[in-house]
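All remarks here apply to the structure that follows.
The values are calculated or read from the model by the stated rules, or taken from the named source; none is laboratory data. Since this is a predicted model, take the numbers as computed values, not measurements. Here the Cβ positions follow ideal geometry from the backbone for every residue, glycine too, while neighbour counts run over all protein chains shown.
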Amino acid sequence: MLMQAQAPSSRWGGIADSHFRPGGYFRVGRRDGVFWLIDPDGGRLLSKGVNTVRFDQDKIQNSERVPYAEACQRKYGGQDAWRSAVNARLASWGFNTLGSWSDEAVATAGPAPLALTPNLDLGMSFAWERKQAFPDVFDAKFEAHIRRRARELCAARREDQSILGWFIDNELRWGPDWRGPENLHALFLKYPKTSPGQRAASAADPATFTAQVAERYFTLTVAAIKAADPNHLVLGCRFALVPQPAVIAAAGRHADVISFNCYEVDASKSIEAYAAADKPCLIGEFSFRAIDSGLPNTNGAGPQVATQHQRAASFRHYVTAALRHPTLVGYHWFEHADQPAEGRFDGENSNFGTVTIDDRVYEELTGTMTAANAEADAVHAAAGAAS
């Protein structure tokens with residue numbers, strides 16, 4: 001029996017089967033009912049990424065010590081050698097994207113170019129300055145702020161082909177979550193009475209206020225990014241928990257991709273909820289932590305399992321289940337290296353890494369990642385027939 005010839009790969013690792021034409025920048029496309037990312041050369045691919053790929057990952061809380069950097073300085077002799085080794089390592093595991101908070105120089109330091117997905121913190125940078133739980137999108141200064149920040153961060157890079165797209169924000173507080181029980185209406189009512197957001201909340205129907213906030217947030221932030229950079233995708237705001245349907249609908253009307261973080265055993269229910277917007281979706285964070293790592297694992301999101309073997313099996317189950325949904329266009333693992341046992345800036349002290357804090361590879365996990373990443377495109381392509 002003759003073997004079917006394998007389609008050539010683009011320089012980004014996309015499947016270059018001539019179905020999509022080169023467009024110069026990453027974009028989204030649909031084939032046989034299945035969403036894909038289309039790379040600048042016309043190859044179709046899924047974004048397979050790792051977050052926080054950086055030499056200086058995680059200072060110990062309340063100190064200046066960075067144990068991972070200390071270990072890598074001893075092992076590699078410097079940051080440039082580390083970047084080259086990590087680029088080659090990620091590529092060998094089948095990853096093609098640097099997730100958020102990564103050192104972008106890693107992307108071009110080795111044999112394979114890696115796509116970039118910077119997080120702009122458009123809304124939250126406004127909120128941080130004002131100590132707001134959620135950015136006051138009704139404030140005229142909000143629009144001025146996000147347009148200025150988008151120009152500063154995006155405009156000069158509008159012709160950079162390595163940028164897959166821009167994340168607007170990360171884990172905004174769209175409703176009750178681990179940070180508190182209040183909905184957006186209740187949060188805005190707590191703002192100073194002189195603030196535009198408080199006045200808007202006081203005059204609004206509580207049942208529809210979150211929809212108003214979402215429409216204004218996505219209208220303004222996406223417009224700000226597109227004005228500064230019309231070439232690249234807007235990847236959404238990395239929802240922490242599935243928000244109200246009206247929020248999902250607003251994201252779908254404006255963003256090119258809906259992104260969300262999902263620290264569950266299986267992301268299928270979340271993907272199904274976001275699929276209502278009929279837009280591609282991307283998982284910005286997920287992970288599993290093992291007790292046998294020796295780390296405390298007392299602070300940090302997501303399921304705990306007993307062993308590294310179970311951790312690897314959990315990765316395979318999660319990714320394979322997610323790929324069977326035709327709207328999925330990527331998944332980014334959190335994160336590259338383990339956190340300090342003493343806790344990082346916010347106290348997290350968990351076994352999230354593909355490598356230990358002294359840069360020893362978790363062989364079973366990364367072996368499973370390599371196999372799952374290699375199979376991912378075929379699994380996803382079959383999602384059209386199954387849907």
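Of all positions in segment 60-69, none carries a residue that is of a type in the set (S, T, N, Q) and outside the structural domain of VAL379 (by TED's automatic domain parsing). Checked against (1) in contact with a helix residue (DSSP H, G or I) (Cβ under 9 Å, 6 or more places away or on another chain); (2) free of Cβ contacts under 8 Å to residues at least 40 places away in the same chain, THR194 passes all but condition (1). Only strands (runs of 3 or more DSSP E) whose full extent lies in segment 9-78 are considered here, and none of them has at least 1 residues that are over 26 Å from ASN261 (Cα atoms).
Here GLY302 qualifies as modelled with pLDDT under 95 and of a type outside the set (Ser, Thr, Tyr).
Return the residue satisfying two criteria in turn: it lies in segment 305-362 and is of a type in the set (Ser, Thr, Tyr) and over 18 Å from ARG65 (Cα atoms), and of such residues it is surrounded by the fewest Cβ atoms within 10 Å (Cβ to Cβ).
Of all residues in segment 305-362, those of a type in the set (Ser, Thr, Tyr) come to 307, 314, 318, 320, 327, 331, 350, 354, 356, 362.
When the remaining residues are screened for being over 18 Å from ARG65 (Cα atoms), the result is 307, 314, 318, 320, 327, 331, 354, 362.
Details: THR307: 13, SER314: 22, TYR318: 24, THR320: 15, THR327: 24, TYR331: 27, THR354: 21, TYR362: 20.
By that ranking, first place goes to THR307.
Out of all the residues in segment 160-178, is one or more at pLDDT 95 or above, more than 16 Å from CYS237 (Cα to Cα), surrounded by 14 or more Cβ atoms within 10 Å (Cβ to Cβ) and of a type in the set (Phe, Trp, Tyr)? No, because not a single residue in segment 160-178 is at pLDDT 95 or above, more than 16 Å from CYS237 (Cα to Cα), surrounded by 14 or more Cβ atoms within 10 Å (Cβ to Cβ) and of a type in the set (Phe, Trp, Tyr).
Before we move on, is GLU264 surrounded by fewer than 21 Cβ atoms within 10 Å (Cβ to Cβ), of a type in the set (Asp, Glu) and within 19 Å of the chain's Cα centre (by Cα)? For GLU264, the condition - surrounded by fewer than 21 Cβ atoms within 10 Å (Cβ to Cβ), of a type in the set (Asp, Glu) and within 19 Å of the chain's Cα centre (by Cα) - is met. Of everything in segment 249-261 that is of a type in the set (A, V, I, L, M) and crowded, with 23+ Cβ neighbours inside 10 Å, the residue that is farthest from HIS232 (Cα to Cα) is ALA250.
What residue, of GLY302, GLY294, is crowded, with 18+ Cβ neighbours inside 10 Å and out of contact with any Leu (no Cβ under 9 Å at 6 or more places or on another chain)? Show your work before the answer.
Values: GLY294 fails: crowded, with 18+ Cβ neighbours inside 10 Å.
So the residue among GLY302, GLY294 that is crowded, with 18+ Cβ neighbours inside 10 Å and out of contact with any Leu (no Cβ under 9 Å at 6 or more places or on another chain) is GLY302.
Looking at this structure, is PHE286 within 30 Å of ALA251 (Cβ to Cβ) and either of a type in the set (Lys, Arg) or touching a Lys or Arg at 6+ places or on another chain (Cβ under 9 Å) (or both)?
Working: within 30 Å of ALA251 (Cβ to Cβ): yes; either of a type in the set (Lys, Arg) or touching a Lys or Arg at 6+ places or on another chain (Cβ under 9 Å) (or both): no.
Answer is no for this residue.
Hey, among HIS332, HIS317, HIS309, which residue is at pLDDT 95 or above, of a type outside the set (Ser, Thr, Tyr) and outside any helix (DSSP H, G or I)? Walk me through it before giving the result.
Details: HIS317 fails: outside any helix (DSSP H, G or I); HIS309 fails: outside any helix (DSSP H, G or I).
Criteria check complete, one pass: HIS332.
Of the residues that sit in segment 203-226 and are among the hydroxyl-bearing types (Ser, Thr, Tyr) and without any contact (Cβ under 8 Å) to a residue 40 or more places away in the chain, which one is farthest from PHE126 (Cα to Cα)? The selected residue is THR208.
Just to be sure before I move on: is THR210 over 28 Å from VAL319 (Cβ atoms), among the polar types (S, T, N, Q) and buried (at least 21 other Cβ atoms within 10 Å of the Cβ) in the structure I sent? Considered against the rule, which asks whether it is over 28 Å from VAL319 (Cβ atoms), among the polar types (S, T, N, Q) and buried (at least 21 other Cβ atoms within 10 Å of the Cβ), THR210 comes out as yes.
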